[in-house]
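The values are calculated or read from the model by the stated rules, or taken from the named source; none is laboratory data. Quantities reported herein were computed from a predicted structural model and do not represent experimental measurements. Here the Cβ positions follow ideal geometry from the backbone for every residue, glycine too, while neighbour counts run over all protein chains shown. The protein model used for the area step is the full one, side chains on, heavy atoms only, and it has no ligands, DNA or RNA in it. Shrake-Rupley method; radii C 1.70, N 1.55, O 1.52, S 1.80 Å.
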Amino acid sequence: MQIATPETWYESRGVGDGITWICEPHVQEYYRCNIWHVRGRDRDLLIDSGMGVVSLREQIPLLSGRPILAVASHTHFDHIGGHHEFPDRAVHPDEAEILAHPTRVGTAAEKYVTSDHFLTRLPPGDWDPLRYENAPAPATVLLSEGSVVDTGDRSFEVLHLPGHSPGSIALYERASEILFAGDVVYDGPLAYDVDNPAEMQQYVASMKRLLDLPVRIVHGGHYPSFDGACMGKIIRGFLDEFDR
C-alpha cells in the first residue's frame, strides 16, 4: 500500500452557511470522519477532529490564527484524534474521562484499528495500527443537555443523544435549522450494539427526539450531508426496526 504525504492527508471545501467540510480521503468511507469548521464572529467551532495521524492545524490553514473551540460529538478514535492541538476543548460530561485519558478500548480503536483494512493509503511516518492511540485532550468546557455553544454571532443548542455512545451530542442552530449530528444519525450504515438492550433503548429515545426537530440540513459524522426529509426517512426506518 502506498504512503500518503502530510499535504495530501486532508481535503476541505466550503459547503455554505459559513461551514467548511474537512475529511481524511485515504480512510475508507465507513470509517472516515467528517470534520466540520464553523466560522464565527468572535471564535470558530471545530466539530470533531479525525484520527490525528497527521497534524490538522498544520495542514488546514483555516484552523490557525483565530480562537477555536474543538467540540467532540463523542470520543471514538476517529473523532478526537486532533483535539489535543486545540487549547479549548468541549465534550459531554459522560465522556470527559475518555477525552482526558483515552485508551484503545475506551475510544473503540481496539475494536477497529487492528490492521490497515480501513485505509487506502498509509499515513506518513512510523504508522503501526496496533500502537495507534489518541493523545490526551482534557476538556476545558463540559457540554450537558441544554448547554449553548456561542460564536458571538451564532448560537448552537446542545442535544444529549445517547445510544451510539453514552455522551453522544448534536449541535443544533435553530435560526438556520442546521444540525451537526455526530454519529447519532447519518446517511449510511448506523453503528449500534443490538445485543445491548439498554443502549438500544437510549438510541430509540434519541431518534424520537430528532424526528420532529425542524431541520433544513444535517451534517453528520460520516457520509454526505442530507436534508430534513432524508433524516426523517432514516429515523423512521430505524424506529420501524428497533422500536418494539
Problem set entry | Relative contact order computed over the chain (Cα-Cα under 8 Å; 6+ residues apart), in percent | 16 percent
Exercise. When ligands, DNA and RNA are left out and all protein chains stay put, how many square angstrom of accessible area per residue does the chain have with a 1.4 Å probe?
Worked result: 43 Å²
For this session: For every helix of n ≥ 4 consecutive DSSP H residues, a contribution of -39,500 (n - 2.57) applies; sum these over the chain, divide by its total residues, and give [θ] at 222 nm rounded to the nearest 500 deg cm²/dmol.
Result: -5000 deg cm²/dmol
Exercise. Based on the mean of other beta carbon atoms within 10 Å per residue, what is the order of 155-167, 2-14, 27-39, most packed first?
Worked result: 155-167, 27-39, 2-14
Problem set entry | Förster-model FRET efficiency, 25 Å R0, Arg57 and Met1, C-beta, rounded to 0.05 | 0.40
Problem set entry | Distance in nm between pseudo-label sites at Asp88 and Glu29 (7 Å out along the Cβ direction from Cα) | 3.6 nm
For this session: With no solvent and one equal point scatterer placed on each C-alpha of segment 51-105, evaluate the Debye formula and give log10 I(q)/I(0) for q = 0.15, 0.18, 0.24 Å⁻¹, two decimals.
Result: -0.42, -0.59, -0.98
Problem set entry | Listed peptides 88-95, 229-236 by packing density, highest first (mean Cβ within 10 Å) | 88-95, 229-236
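Counting only protein heavy atoms and using a 1.4 Å probe, what share of the accessible area of the chain belongs to carbon plus sulfur, as a whole percent?
50 percent
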Seminar exercise, completed: Hull volume per residue for the chain, using the convex hull of the C-alpha atoms, in Å³ is 116 Å³
Seminar exercise, completed: Given all pairs of distinct Cα atoms, segment 49-158 yields a Kirkwood Rh in Å of 14.9 Å
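At 4 °C and 1.567 mPa s, what whole-number value in µm²/s does Stokes-Einstein give for the translational diffusion of segment 75-220, with Rh from the Kirkwood sum over Cα pairs?
It comes out at roughly 78 µm²/s.
To the nearest 20 debye, what is the magnitude of the charge dipole of segment 37-177 about its Cα centre, counting +1 on the Cβ of each Lys and Arg and -1 on the Cβ of each Asp and Glu?
Charge dipole of segment 37-177: 240 debye, to the nearest 20.
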